[in-house]
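Structure first, commentary second.
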Amino acid sequence: MTAYLSVQDLTVRFGGVTAVSEVAFDVGHGELLGLIGPNGAGKTTTLRAITGVVRPQEGSIRLRGQELFGKGIHQRVRLGLGMSQQLVRPLRGMTLLQNVALAAGHAHTKSPLAALFRLDRSASETRARELLARVGIADVADERPSTLPLGYLKRLEVARALALDPDILLLDEPLAGLNHVEAASLADTISALNADGLTILLIEHNLAEVMRICRRLVVLDNGRKLGDGPPRDVMSDPAVRAAYLGEGHAAA
């Protein structure tokens, strides 16, 4: 599989603390890759380094062969990166439709303010309704986020990321805080997006759903890569089991 996103020897330090150390992995075109690990493993830091939120001290990050180091967040978005945040922060004074339409308009302007005041918003609103339907919440398009439960807001966050027309979608714990039924349903939606051809890098603690929808996992622990391969092979590795369950369970 051709590498679409390539992370090589990534190292991120905060003061004297090394959060990520020489991490390397590729995401193939059209792949749904799960990036997993215990709390504090360095997963979100790795994602933030890819998007440009944090600056690595060493390594290389390439999208379709183009180096991302030195490029700002908006430059990376325009090159094809999209990210759904772990903590959803919609514009609560707007409807779901308006939230997604604003993102869709921003994809065609250089300024969120310009997108907000475009004279003709019909194309953005049409696109927004399509994306809300794609993530399964078209029925509440005209509701405000404050009136809806977390499950809807998680899907709204994905729709807003999709509105930027990304080539690769980075999802940071989209299932966190959802019950079993909601998590399984959103995992199905993520799988369907991937089946439509979207490349996805998924960070998630819900191992049952990750193993169900991902064909490959990369495991981090204490900032280092611990495993890489098919889910069942990775999770049967004693070192990975030790990281998740403790040394005593790993030998069982």
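Within segment 1-43, the only residue that satisfies the criterion of being touching a helix residue (DSSP H, G or I) at 6+ places or on another chain (Cβ under 6 Å) and at positive phi is 37.
Close contacts from segment 67-83, counting a first residue that is without any contact (Cβ under 8 Å) to a residue 40 or more places away in the chain and within 17 Å of residue 172 (Cα to Cα) and a second that is basic (Lys, Arg) and in a loop (DSSP other than H, G, I, E, B), with Cβ to Cβ under 8 Å and a gap of 6+ residues or different chains, come to none at all. If the condition is being farther than 21 Å from residue 198 by Cα, of a type in the set (Gly, Ala, Ser) and modelled with pLDDT of 65 or more, then segment 110-152 contributes 122, 123, 141, 146, 151. Cβ separations smaller than 6 Å between residues 6+ apart or across chains give the following pairs from segment 6-21 residues that are over 15 Å from residue 201 (Cβ atoms) to residues that are surrounded by fewer than 15 Cβ atoms within 10 Å (Cβ to Cβ) and among the acidic types (Asp, Glu): 9/22; 11/22; 11/58. Does residue 10 satisfy being under 26 Å from residue 187 (Cα atoms), surrounded by 14 or more Cβ atoms within 10 Å (Cβ to Cβ) and not aromatic (Phe, Trp, Tyr)? No; evaluated as a whole, the condition is false for this residue. The residues in segment 1-16 that are farther than 18 Å from residue 225 by Cβ and at pLDDT 95 or above can be counted, and the count is 0.
Residue-wise test of (1) hydrophobic (A, V, I, L, M, F, W, C); (2) part of a loop (DSSP other than H, G, I, E, B); (3) buried (at least 21 other Cβ atoms within 10 Å of the Cβ).
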residue	(1), (2), (3)
156	yes, no, yes
165	no, yes, no
169	yes, no, yes
176	yes, yes, no
186	yes, no, yes
192	yes, no, no
219	yes, no, yes
225	no, no, yes
244	no, no, no
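Look through segment 20-58, keep the residues that are of a type in the set (A, V, I, L, M) and assigned to a loop (DSSP other than H, G, I, E, B), and return whichever of them is surrounded by the most Cβ atoms within 10 Å (Cβ to Cβ). Restricting to residues being of a type in the set (A, V, I, L, M) and assigned to a loop (DSSP other than H, G, I, E, B), the top hit is 41.
The values are calculated or read from the model by the stated rules, or taken from the named source; none is laboratory data. Everything quoted here is computed from the prediction, not taken from an experiment. Cβ atoms come from the backbone with ideal geometry, glycine included; neighbour counts cover every protein chain shown.
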